Each structure stands twice: as structure tokens, then as C-alpha cells.
Amino acid sequence: SGGAEVLRITRDRALDVAPRWSPDGRWLVWASDRTGISNVLAVEVDAASGRAGAPRLLTNVRTGAAYPSVDPSGRWLYFSGYHVDGWEVERIPFEPDDAPLAPPADPRFAPPADPEPDPGEASGAVESFSSLHTLLPRYWEPLYRDPVVAAPFSGGGLNLRRRELLAFGLGAETGSVDLVGRHQYSAYVQVFTSGGKAEGGLSYTFRGLGNPLLSITATQAYGSGGRVLSGPAPDTSYVLERERVLGASLTLLSTRWRRDLALSLGGAMAWAQREQLDNALRSEPLDPTVAPSVRFGEVSLSARYSTARSHSFQLGGTRGFDVFASGRRRVQMGAAPSGGGPAGLDLSFDELFGRARAYVPLWTTGHARHVLALQAAGGAAFGPRAAFGTFGVGGASGSPEQVTGFTLFGGNALPLPVRGYEFASRFGSRAWAATAEYRFPLLLLNRGLGAWPVHIDRVIGALYADAGNAWDPNPMGDPLASMGAEVSTQLLARFDTPLLLRTGVAVPLVASPGVSVYVRVGLAF
């Protein structure tokens with residue numbers, strides 16, 4: 001109670017870590033590399049005096065054993081054992097009375113000649129803990145944003161081609177979590193390479209309640225608001241929509257052995273501001289049928305169940321499955337403006353989306369397993385806005401920041417990717433996409449580039465096939481399909497920031513726009 005040291009069991013320069021008591025309180029077990037290799041040691045502690053006996057050696061392996069724990073019955077000792085393919089959980093009978101005495105520490109771990117002085121009782125002012133100084137940004141991750149496009153449309157005697165309104169965007173993302181895991185945030189900004197527009201967002205999650213998690217998100221994003229026929233000699237004009245969203249969500253987590261379940265309920269307010277562009281993408285006065293601004297209310301419910309996990313030396317999932325489903329209702333506040341044209345109608349809609357992923361381990365060659373990764377996703381939208389299309393199919397997806405287990409923003413997370421095609425090459429209120437990807441290890445480098453703050457860890461390759469389609473209001477044509485190959489490299493930038501770069505080549509098989517080469521951050525899924 002006074003802070004005085006009662007007993008010091010180890011006094012050397014070895015790593016003595018992870019102490020645990022046996023259920024009967026008789027033995028203290030821990031891991032030590034006093035011999036040069038980490039093994040599990042134990043000492044008997046006298047309950048009356050608190051004094052400890054001589055350390056005993058419970059394991060004697062050549063690869064490493066750590067993080068010991070005695071099971072509740074006191075019969076078994078569980079620990080993490082290190083092997084050529086990574087860490088595994090193992091057990092042996094817990095029989096410390098019959099174990100040999102532990103050898104003394106290796107000479108290189110010998111304690112200093114002058115023993116440390118007895119620290120005596122601790123002194124000093126007691127202050128309240130503040131996590132603010134531990135919330136500085138921990139990483140910087142580059143972002144790529146696909147262009148904003150007006151989707152193609154066929155119907156009513158019209159055949160309108162896809163039109164790019166804003167060119168691709170570049171940006172960066174950062175975030176952090178405090179020392180005790182109560183506060184977590186993520187922020188990003190990205191600038192389009194044409195049009196002088198920028199997007200950004202900030203998300204904060206409070207984890208201090210343990211369960212549930214409380215999140216607040218604020219974002220600004222640009223998208224296509226449809227087309228109108230405008231001017232004395234009617235010509236096609238485009239509506240560029242800036243949407244600002246302020247939302248909050250409550251997430252319930254249930255974590256068990258090798259499975260996670262999360263339920264999230266969210267609500268948001270959204271404000272959309274419209275700008276009309278002529279055929280040369282110059283700003284022009286709004287058509288009378290186009291409301292300059294629209295306000296929405298939104299409610300959403302989502303669920304995720306996952307057994308997916310990764311193994312040592314792998315990149316991405318190795319085995320298990322992940323299922324995600326969500327429903328969203330967005331209601332336009334106030335009456336829709338009078339007149340015709342897509343941009344002047346009620347933009348309320350209901351949306352359902354589902355996604356399933358599976359990771360099947362195959363054989364092992366090199367430093368890691370080969371993996372078959374599968375993904376299937378689909379969605380349907382209903383309501384007035386759905387008549388003009390909701391889902392876009394196409395593009396190469398990346399890995400965004402995940403705060404509560406659900407993708408909030410950032411990165412380049414396309415729900416329905418088909419590599420080799422532009423985003424929204426197919427567009428409609430009904431859509432699906434599927435992927436089969438064979439991933440295999442290439443190199444385990446684990447080396448830096450001299451004194452430069454770049455470390456190259458491992459490299460994997462992938463062969464894949466993608467397919468997807470969307471329809472309504474567009475006629476249902478042939479599904480898009482592509483095949484290709486990718487190389488993903490795990491880097492450590494600025495000494496402590498993990499970064500996964502993925503370079504791919506895609507060969508479209510339907511309505512081919514030609515072979516494409518792309519670079520993304522993170523795995524496809």
C-alpha cells in the first residue's frame with residue numbers, strides 16, 4: 001500500500017515478461033530469455049511470508065515459448081510457441097515440482113556490478129490521467145479517389161454516354177487511438193485534380209463504455225446529381241452535387257473465440273448543394289427544375305458477422321468468412337420542386353446492400369499459405385431516387401480506414417468493383433458483383449533501404465477474375481467481366497507506419513476499354 005518493494009524475483013538484464021499466477025496461488029509463471037531463447041519459468045511462492053523459491057525451467061525449446069497461463073484446473077500449462085511458420089498456442093502438463101532448476105542468466109544478461117538501491121516508498125503527487133497527449137496522429141496514408149461521373153443512360157429515345165465531371169482525387173488520411181483505448185479518431189482530405197473541389201471527413205469514436213461504441217462522423221463529398229435539358233436550344237447539362245453529412249451511430253459488439261458480431265444503428269442529416277455545368281463543364285445558372293439545395297434525414301441499420309482471420313506472414317485473410325448486411329432509408333425534407341427532370345424530383349430512397357467474403361487456405365510454399373479469396377455483393381434500391389440509379393459497378397477497390405468494424409469513409413472502398421472498367425460503367429437500382437482471387441507468396445524481404453525511412457517486408461501476388469452488372473433504369477446488358485494479376489507489397493514507412501501498396505493489370509473481357517494498369521492502397525478485400 002505504501003509503494004515499497006516487497007520482493008524482487010528476477011534481477012538481471014534478460015527479458016522477464018508476462019507473469020501469471022497458478023489458480024491455487026502457489027506458483028508464479030513467466031517467460032524469460034535468460035538463456036538466449038525465451039522459455040517459461042516458475043517459482044514457488046510461500047503464502048505466509050510471500051518469499052519465493054528458486055526458479056524452475058518448465059519449457060526448454062529452441063524456437064521460443066512465451067505468454068504462459070495455467071488452466072483453471074491446474075493440470076495444464078498453455079503458452080505461445082514460436083515456429084518457422086509463426087506463433088501457435090500449445091500446452092504441456094503443469095508439473096513444476098518435477099521441473100529442473102532454471103540455469104543462471106547468460107553472462108551477457110548479468111546484473112550490474114553495483115546493485116540498484118532499494119527504492120523505498122514511492123513519493124510524488126498523484127494526478128488525474130489525461131489521454132490528450134497520446135492522441136497525436138499515428139500514421140499518414142495516401143488516398144486515391146475515383147472521378148465523379150455522370151453515369152450512362154439509355155431509355156426514352158435517349159442514349160447518353162458516361163461523362164466525367166471531376167477528375168480523380170488525391171489525398172491523405174490519418175488517425176489515432178489514445179493509450180487506454182477510450183478515444184479513437186480518423187480524418188482525411190482529398191483534392192480533385194480538376195474543378196478545384198475538395199472532400200474531407202472526420203470521425204470520432206468513444207470506447208470508454210466498453211460496449212456500445214458511440215461514433216460521430218462529419219463528411220463532405222461530391223457526386224453526380226443527374227442531367228437536365230437546359231437553354232433556348234435544349235442541350236444536356238450536368239448537375240454536380242456537394243453533400244455534407246453529420247451523423248451519429250451506436251455499435252454493439254459481441255466478441256467470442258474466433259468470431260465477431262457487430263450491430264450498428266445510425267442516424268444522419270445531409271445537406272446537398274447543387275451546381276449546374278454546361279457541356280464544357282463550365283458553371284451556368286440553375287435550371288428552374290433544379291433545386292439549389294436539398295435537405296435529407298437518414299436512418300441506417302447494419303450487421304456484420306465474421307470468423308475471418310489471418311496467420312503469421314500472411315497479407316489479408318487466410319481462413320474464415322465475413323458477412324455484412326445493411327439497410328438505409330433517406331427521406332428528402334420538404335416538398336420536391338415542381339417541374340420535370342431528374343434533378344428536380346423527390347430524391348428519397350430505400351436501400352438494401354449485402355456482401356459475403358470467404359478465405360479458403362490451400363497449400364503452403366515459400367513463407368506463407370496460398371489462399372483462395374472469394375467475394376460476392378449485391379444491392380437493391382427503391383423509391384423515387386432509385387428510378388435514376390443508385391449503385392455503380394466497376395473500378396478497382398482499395399482498403400479504407402475501419403473505425404468500428406464498418407467502413408465509414410476514406411480509402412477507395414467500392415462496394416461493387418470490377419477491375420479494368422471505370423467506376424459506374426454499369427449503373428442502376430439493382431446491381432451485383434463477384435470476385436475470385438488466388439493469392440500466393442512471392443518474397444519475404446524484411447530489409448530496409450540503407451538509412452532511408454522505408455522498410456520492405458513481404459510481397460504477394462494474385463490472379464483474379466471479376467464480374468458484375470447493374471440495371472434499371474438502364475437495360476440489363478451483358479455483365480462486365482475481367483481477368484488480371486496484382487502484386488502487393490507491405491512497406492513500413494517513416495519507421496513505424498504500415499503501408500500496403502497494390503499494383504495491378506486488368507484485362508476487360510466484355511465491352512473492352514483496353515488493358516488498364518492501376519495502383520491502390522490496401523488489398524481488394
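The values are calculated or read from the model by the stated rules, or taken from the named source; none is laboratory data. No experiment lies behind these values; they were computed from the predicted model shown. Here the Cβ is made from the backbone with ideal geometry for all residues, glycine too, and neighbour counts use every protein chain on show. Surface areas here come from the heavy atoms of the whole protein model, side chains and all, with no ligands, DNA or RNA. Shrake-Rupley method; radii C 1.70, N 1.55, O 1.52, S 1.80 Å.
Annotation: of all residues in the stretch 472-497 being at pLDDT 90 or above, open to solvent by 50 Å² or more (accessible area, probe 1.4 Å) and over 30 Å from Gly450 (Cα atoms), the one that is nearest to the chain's Cα centre (by Cα) is Met483. Counting only residues that are more than 19 Å from Phe313 (Cα to Cα), without any contact (Cβ under 8 Å) to a residue 60 or more places away in the chain and aromatic (Phe, Trp, Tyr), the stretch 61-104 holds 4 of them.
Across the stretch 242-277, the number of residues qualifying as open to solvent by 30 Å² or more (accessible area, probe 1.4 Å) and within 22 Å of Arg162 (Cβ to Cβ) comes to 3.
The condition of being open to solvent by 20 Å² or more (accessible area, probe 1.4 Å) and in contact with an Asp or Glu (Cβ under 6 Å, 6 or more places away or on another chain) holds for only one of Leu28, Leu7, Leu15, that being Leu15. Of the strands (runs of 3 or more DSSP E) lying entirely inside the stretch 158-268, the ones with 2 or more residues being β-branched (Val, Ile, Thr) and touching a residue at least 40 places away in the same chain (Cβ under 8 Å) are found at 213-230, 235-256. Residues that are more than 23 Å from Tyr204 (Cβ to Cβ), out of contact with any Ser or Thr (no Cβ under 9 Å at 6 or more places or on another chain) and in a strand (DSSP E or B): does the stretch 273-290 have at least one? Within the stretch 273-290, one or more residues are more than 23 Å from Tyr204 (Cβ to Cβ), out of contact with any Ser or Thr (no Cβ under 9 Å at 6 or more places or on another chain) and in a strand (DSSP E or B). Of all residues in the stretch 417-438, those satisfying the criterion of being assigned to a loop (DSSP other than H, G, I, E, B), small (Gly, Ala, Ser) and either in contact with a Ser or Thr (Cβ under 7 Å, 6 or more places away or on another chain) or open to solvent by less than 10 Å² (accessible area, probe 1.4 Å) (or both) are Gly420, Ala424. When residues in the stretch 1-20 are screened for being touching a residue at least 12 places away in the same chain (Cβ under 8 Å) and either closer than 14 Å to Arg56 by Cα or part of a strand (DSSP E or B) (or both), 6 of them pass. Pairing each residue of the stretch 375-393 that is of a type in the set (S, T, N, Q) with any residue that is outside any strand (DSSP E or B), provided the two are 6+ apart or on different chains, yields C-beta distances under 9 Å for Gln375/Pro417; Gln375/Ala524; Gln375/Phe525. Among the residues of the stretch 157-180, just one is closer than 21 Å to Gly208 by Cα and either over 29 Å from the mean Cα position of the chain (by Cα) or of a type in the set (S, T, N, Q) (or both), namely Ser176. For the stretch 328-386, the candidate set comprises residues that are open to solvent by 50 Å² or more (accessible area, probe 1.4 Å) and of a type in the set (Val, Ile, Thr); within that set, the residue that is modelled with the highest pLDDT is Val360.
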